[in-house]
Amino acid sequence: MNLNLIWTVLEDSYNGFNNISFEGSMNTIAELNLPSDWFIWLVAIMFFGSEPISSKQFMNALPYGWADALEERFASAAKQGYLIADGMGGYHPTEKGAEAVRRMIQADSDVVSPINPLSEENSQRLLDYLIRIANASLSASEPPAKFIISHKRNFMHPGKNASRNVLIVQYLNELEGYRSDSHNTTWQVYNIKGHTWDFFSCLWRNGTSPFDKLFEKLQYNEVPESIYTQDLQELIKRGWINEVSGENQLTVEGKKIRDGAETLTKQYFFAPWACLNTTEQADLMNLATQLSNGLQNPKAEL
């Protein structure tokens, strides 16, 4: 069974749920009068639970960004009363911040729970498969670190009494986290910074490109242009990238390195899926396809 295809379809459904959830949360965002930079600190509160929030820790979850930009976000949230500094370089949510998170989580549940992209029987069977894969991923011997999936399980789980749709989203979220854990393991062995690897991956995904086109695609990470310029020089020095007449391209060695990381990521990520036999994997593919199709035209209970 093509496990990569199954995951691609499940990712499509995960994104579909998130799009529905975000659209349904717009009223809550307006009611709470959240500032424009709400997303980062709100996700940090959900992700870290009782643990201190810091840019260093957050970079373990999203290593491709820029610590200074995160510090600005957290300092801004503290100034607005959503976080409070702990005096040791970290932050904790205030009651105002925790209430914003509770309201957003409830808004997500309210809009996601009533839709019926699958029958009850098929929805439960899909959920059972996802739980088995997520549990197997948490107990897998590789990759060594499971920072993201464990935090999503420990601090973002909505509880067993949540609706079936909310639980499906949760376990898809955990698997998405495990794939990130798997990939992080493959490139961190090269003693390379996250934003440098991300620049390298951007070129790998998009093919031969000038610097300004790559920078444009990566601006959401808030890494300064001067840093990406240094990253380019680092990658050229390593022999992974060539620059000819302003165009950047992977060298043979660079392509080998990045292709190898992708292959190893899939090896790590899909190893726990062996908890399903081939018949169950085929059934999961069928259910994933039904879910993806159903989310394109979800029907809500009246």
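Every read-out reported here was derived from the displayed coordinates using simple, explicitly stated rules and does not represent laboratory data. Just so it is clear, the model here is predicted, and its values are computed rather than measured. All Cβ positions, even for glycine, are placed from backbone atoms using ideal geometry, and neighbour counts span all protein chains on display.
Per residue of the chain, what 222 nm ellipticity follows from adding -39500 (n - 2.57) for every DSSP H run with n ≥ 4, rounded to the nearest 500?
The helix-only estimate for the chain comes to -22500 deg cm²/dmol at 222 nm.
Can you list the trypsin sites (Lys or Arg not before Pro) in the stretch 244-302 that are in a DSSP coil and have 10 or fewer other beta carbons within 10 angstrom?
LYS299
Report the relative contact order of the chain, percent, no decimals, based on alpha-carbon pairs under 8 angstrom and at least 6 residues apart.
27 percent
Roughly speaking, what is the stretch gain from ALA136 to THR278, that is 0.36 nm per residue apart minus the C-alpha to C-alpha distance, in nm to one decimal? Each step should come with its number before you reach the end.
Numbers: separation 142, 0.36 × 142 = 51.12 nm, distance 1.62 nm.
Length difference between fully extended and current span is 49.5 nm.
Calculate the radius of gyration of the Cα atoms of the stretch 124-193 to one decimal place, then report Dmax, the largest Cα-Cα distance, as a whole number, both in Å.
Over the stretch 124-193's Cα set, Rg and Dmax evaluate to 13.2, 43 Å.
What does the charge add up to near PHE74, with Lys and Arg as +1, Asp and Glu as -1, over the other residues with Cβ less than 12 Å from its Cβ?
Local charge sum for PHE74: -2.
Taking the stretch 248-302 on its own, what percent of its Cα-Cα pair distances exceed 16 Å?
Everything past 16 Å amounts to 67 percent.
At a Förster distance of 35 Å, what's the computed FRET efficiency of GLN219 paired with ASN116, Cβ-Cβ distance as r, to 0.05?
Numbers: r = 38 Å, r/R0 = 1.10.
Using R0 = 35 Å, I get an efficiency of 0.35.
Would you mind calculating the gained length between GLU72 and ASN27 on full extension (0.36 nm times residue separation, minus the Cα-Cα distance), in nm to one decimal?
Values: separation 45, 0.36 × 45 = 16.20 nm, distance 2.62 nm.
Length gained between GLU72 and ASN27: 13.6 nm.
Any idea what Rg and Dmax come out to for the chain if you just take the C-alpha atoms, in Å?
20.6, 62
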